[in-house]
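Structure first, commentary second.
Taken together, the values in this text are just the output of simple stated rules run on the coordinates, not laboratory data. From a predicted model like this one, the values you see are computed outputs, not experimental measurements. Cβ sites come from the backbone with ideal geometry, for glycine too, and all protein chains shown count toward neighbours.
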Amino acid sequence: MRFLKKGVDKQKMDVVYLSHEERNISHQGGFTMVNKLGFFGFLGVLGFLGWHTGQAGYYGFFGFLVYFRYFFVVPDEMFRETVRSAASRGFFALVTAAGAGICAVVLAGRPDWTAPVFALAFAAAVIVFSVLMAAGELRENWGARG
């Protein structure tokens, strides 16, 4: 079977992921899966630029430190569906906010508003994604209890 990693015993293997997303890593053969959502936590390090440069705008990046907790979350089907749904809605929030902002920039005749408009559109997308992820996790936890 060409999709199995070399050195992994086929008889002892419980799970093999066949899609390209999971990179065919087994839970038992000495490999572990990494929840890639946790890498967003490294954006939180940019918050220290606010302290170093004195610009308060960088402090918002500290909010990304929350994503480090996803390194300890084992992704299941419902978690992946929650991430996909939240990411899709966050993307559409970004496109909508950026489009509306650019229309406002053009109608107001203020090209100096362009950078803040894109920053606000990015912030809106991150907020929508984060709120929907939190709501999905609460829904999943309440469903597991009941």
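Count, please, the residues in region 75-117 that happen to be assigned to a helix (DSSP H, G or I) and within 23 Å of Leu37 (Cα to Cα). Before you say what the answer is, go through the steps one by one.
Going residue by residue through region 75-117, those that are assigned to a helix (DSSP H, G or I) are 77-108, 111-117.
Remaining after also requiring within 23 Å of Leu37 (Cα to Cα): 77-95.
Residues flagged as assigned to a helix (DSSP H, G or I) and within 23 Å of Leu37 (Cα to Cα) within region 75-117 amount to 19.
Which residue, of Val74, Val83, Val105, Val66, is over 21 Å from Asn141 (Cβ atoms) and either in contact with a Cys (Cβ under 9 Å, 6 or more places away or on another chain) or of a type in the set (Val, Ile, Thr) (or both)?
Values: Val74 fails: over 21 Å from Asn141 (Cβ atoms); Val83 fails: over 21 Å from Asn141 (Cβ atoms); Val66 fails: over 21 Å from Asn141 (Cβ atoms).
One residue alone meets the criteria, Val105.
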Evaluation of Phe61 against (1) surrounded by 15 or more Cβ atoms within 10 Å (Cβ to Cβ); (2) in contact (Cβ under 8 Å) with a residue 24 or more places away in the chain (one fails), failing number: (2)
